Amino acid sequence: MYKWPLNINNFTDQNRSAISEFILHPDNKWTQDKQVKLFEEKFASYVGSKYAVFVSSGSTANTILAQYVKDTSDGLKNKIILPSTTWQTSCSPWIREGFKPIFIDISASDFCMDLDELEQTLEILSDSVACVFPTSLIGYSPNISRFQELAEKYSVKVMFDNCENTLGSYDGKNLSSFFTSTTSTYFGHQIQSVEGGFVFTNSQDEYEYFLMLRNHGMTRGLKVYGLDSEKYENNDVDPLFDFHCFGNNYRNTDINAYIGQLDLDRADNYKQKRKELYEIFRSNLDPQKYYLPKRNRDLEEDVPFCLPVIPYSESDKPKALGVCSSKSIEYRPIISGFLGYQTCYKRYFKNYIEESYLNSIFLHKNGFYVGLHAGLSENQIIEFTKMLNSI
């Protein structure tokens, strides 16, 4: 049992009582029903997107995006541009759908995709790129305006993985309101529904297709949402089992949706608390020994997912990990690290030039993170940074 875990259970005794009453009520369904729809409406309103689709995880949310792009792209657009440091299931759904991955190094300023390198790649390959899929890594908000400019300039689709930045914003708007995006409501993330994920979109066509993909590819799921399914219907089959696309069962439950709504009500409190605790960490950590992105742009609002510990010296990393062990602090690598080192991705990085991925490799070799959650105290963080600084 860690004294400082990656995350804590957010739910109060009052919440647990309410959840118990919900489960015990004989009129409440446990599978997907009205609570899922209500959670979607509330989350879409919070984010500022037109539509939200609640699914079983952030990974299945990414899977739905990859399936949609595959189904609606012409065969000439067979490439997907991805960051070289991200979560594994931000990449694997696209590769499983047959897209050829092009990996871009991350930026030192926000750990998102390096935008200058992205533009250089698009100048050459834009005609064959089906989608650019950046990750808003560990709660640092990227330069959305530049992504918008590149999307328009090169006529390329941009979608976002915001699973680690559910609460972050740009120019006063939630990150997921700008592009079709995903997030996670898994226990370890910024909003908890035990397990779960979301797709956010402002396109009705995408929304309808996502709803069908979530429910085995069936058309009748649209009618539950009051949508016209006639344009998708096939008169040769029973409308109860009318499969328009190659979907799967990515549904979530009313139990998870009910739990998620309780936590969403606290979103603004979490947002403020995470920012305050991160600032204590940042201001007490020795900048001569540890790297943190320098965040001086005016439009981005970061809501950190974790506390990254990134010694400049690779030899200091084992010592910093020793601090965690001595104080029973749980830690993780910074997501995948450099994907080129991972077994299942090595084939896509054959003969790579190390200079092309310097930032990813630096994070891989030097970095890790510890949890950031509302249960942490200022004193805990100050004590931790003092021990790190003494290395």
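Each reported figure results from applying straightforward, stated rules to the coordinates on display, with no laboratory input. Note that the coordinates shown come from a computational prediction; the quantities given were computed from them, not determined experimentally. Quick reminder, even Gly has a Cβ in these numbers, built from the backbone with ideal geometry, and neighbours come from all protein chains shown.
A few points about this structure:
- A Gaussian network model of the chain, with springs between Cα atoms under 10 Å, assigns the largest mean-square fluctuation among 174, 256, 284 to 284.
- Once both labels are positioned 7 Å from their Cα atoms along Cα-to-Cβ, the gap between residue 341 and residue 88 label points is 1.5 nm.
- Whole-Hz ³J(HN,Hα) from phi, Karplus 6.51 cos²θ - 1.76 cosθ + 1.60, for the stretch 121-132, glycine and proline x: 5, 5, 4, 9, 10, 4, 5, 10, 9, 7, 6, 10
- In terms of surrounding Cβ atoms within a 10 Å radius of their Cβ, 3, 223 rank from fewest to most as 3, 223.
- Positive-end residue of 125, 22, 158, charge dipole of the stretch 13-264 with Cβ unit charges: 22
- Residue order, fewest to most surrounding Cβ atoms within 10 angstrom, among 131, 245, 91: 245, 131, 91
- The value obtained for the chain, namely the Cα convex hull volume divided by the number of residues, is 147 Å³ per residue.
- Choice from 372, 76, 211 showing the highest fluctuation, given a GNM over the chain with Cα pairs closer than 10 Å: 76
- In terms of distances greater than 25 angstrom between alpha carbons, the cross-link table entries 275/365; 77/350; 294/350; 50/70; 157/273 yield 275/365; 294/350; 157/273.
- Listed residues 138, 335, 353, most fluctuating in the chain (Gaussian network, C-alpha, under 10 Å): 353
- Fewest-first ordering of 312, 250 by other beta carbons within 10 Å of each residue's beta carbon gives 312, 250.
- Above-threshold pairs, the threshold being 29 Å between Cα atoms, out of 37/231; 37/100; 29/223: 37/100
- Each Lys and Arg adds +1 at its Cβ and each Asp and Glu adds -1 at its Cβ; summed about the Cα centre, the chain shows a dipole of about 1060 debye.
- The value of relative contact order for the chain, using C-alpha pairs under 8 Å at least six residues apart, is 22 percent.
- 3J(HN,Hα) from dihedral phi, the stretch 338-347, Karplus parametrisation 6.51/-1.76/1.60, rounded to Hz, x for glycine, proline: 7, 4, x, 8, 7, 3, 6, 10, 4, 4
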